[in-house]
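Notes for the one structure printed next.
Laboratory data are not the source of any read-out in this text; all were calculated from the coordinates shown. Only a predicted model underlies this, so the values are computations on that prediction, with no experimental measurement involved. Every residue, glycine among them, receives a Cβ derived from its backbone with ideal geometry; neighbour counts consider all protein chains shown.
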Amino acid sequence: MTDPTTPTPQKPAPTSAGPLARVVARVMGLFPVRVFLFYASAQGPLLASGLAYQAIFAVFAALWVGFSIAGLIVAGNAALQQPIIALLSSAIPGLIKATPTSNGAIDPTTLLNAGVIGWTGAIALVGVLVTAIGWLASARAAVRIIFGLPQETTPFALQKLRDLAIALGFALVLVISAALSVAGSAATGALLGLIGISPTSVPGNILGRVVTLAVMFALDAATLGALYRVLSGAHLTTRRMRGGVLIGAAALGILKVAGGTLLGVSKSNPLLASFAVILGLLIFFNVVCQVILLAASWIAVGMHDRGLTIAPVLSRRERARLTRAS
């Protein structure tokens with residue numbers, strides 16, 4: 001059961017033309033090149049641009065509600081607040097100020113002091129529900145288009161409840177990853193202390209950065225796997241997704257490391273300085289969504305090369321309907 005509007009990945013036909021044509025044909029036959037060509041033919045850049053536009057609104061609303069609730073739970077406890085702030089700053093460069101002197105669109109102190117109980121909190125809560133669930137619905141549709149799956153037939157209310165559960169699951173994963181980051185930093189500091197190296201030294205800083213990047217890589221890989229299999233409703237095994245998920249997580253890690261540098265360069269331009277952070281976030285989210293759909297294309301092309309198709313996970317009602325029809 002595939003969507004006929006989605007193009008099928010193709011391998012270039014053998015050619016007996018001259019040397020230059022053979023070189024071009026060989027390059028066009030490379031797997032990464034075919035992934036990019038399939039991604040472009042499936043309207044991937046257009047789908048990613050729409051996702052990026054929705055993502056920036058969803059993130060700002062989620063931050064308002066999340067930090068307001070966190071302010072009630074961990075008020076005055078900097079040891080619990082700082083890991084979450086640092087993790088968000090690493091995940092989305094330029095979004096939040098990790099330190100008072102760092103660059104960021106949002107001051108976490110303002111969010112932590114904001115009251116979630118009141119009209120602003122209620123409006124923000126409705127906003128985060130609408131925008132987050134809307135982004136998940138758009139992401140599902142985009143990934144299903146890349147995978148060549150038909151439009152989902154799950155009832156509207158049930159689908160929104162499912163999306164809400166997935167959104168809460170992603171929030172829980174973020175909290176768990178922050179806790180793992182704290183535990184990893186503590187373990188790293190203890191290990192360095194045992195061998196007589198200061199955590200503030202160059203080797204200590206490098207090791208601490210490696211631990212942070214490892215946590216972020218694991219979080220990105222888990223999120224992409226859930227996006228491709230759980231959110232999209234595609235029947236995929238871990239082995240089939242592995243290549244695309246690892247490539248996507250690595251690309252997102254590189255993007256996060258480079259994001260802060262790019263933001264600093266844009267702020268040095270007087271023409272862009274006044275809105276460099278917002279512009280940088282828009283570009284960042286656009287590239288993130290491009291990576292998500294490119295990794296999905298990697299999975300789709302890889303399965304096509306093996307002669308496999310991506311099948312949707314059918315509900316009990318859909319299975320019964322197909323059984324009756326047959």
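At a glance:
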quantity	calculated
Sequence of Ile146, Ile195, Ile123 once ranked by neighbouring C-beta atoms within 10 Å, starting from the fewest	Ile195, Ile123, Ile146
Segment Ile197-Ala25, extension gain: residue separation times 0.36 nm, minus the distance between their alpha carbons	56.5 nm
Per-residue ³J(HN,Hα) for the stretch 81-96, Karplus 6.51 cos²θ - 1.76 cosθ + 1.60, θ = phi - 60°, Hz, x for Gly and Pro	6, 4, x, 5, 4, 5, 5, 5, 5, 6, 6, 10, x, x, 7, 9
Ranked Val128, Val27, Val173, criterion: other C-beta atoms within 10 Å, fewest first	Val27, Val173, Val128
Fewest-first ranking of Thr131, Thr200, using other Cβ atoms within 10 Å as the exposure measure	Thr200, Thr131
Amide H contacts of Ile96 (H built 1.01 Å from N, under 5 Å, at least 5 apart or other chain)	Ala105, Ile106
Summed side-chain charge close to Leu129 - residues other than Leu129 whose Cβ falls under 13 Å, Lys, Arg +1, Asp, Glu -1	0
Full-extension gain in nm, Ser49 to Val175, via 0.36 nm per residue minus C-alpha separation	42.6 nm
Nonlocal amide H pairs with Ala311, under 5 Å, H built at 1.01 Å	His235
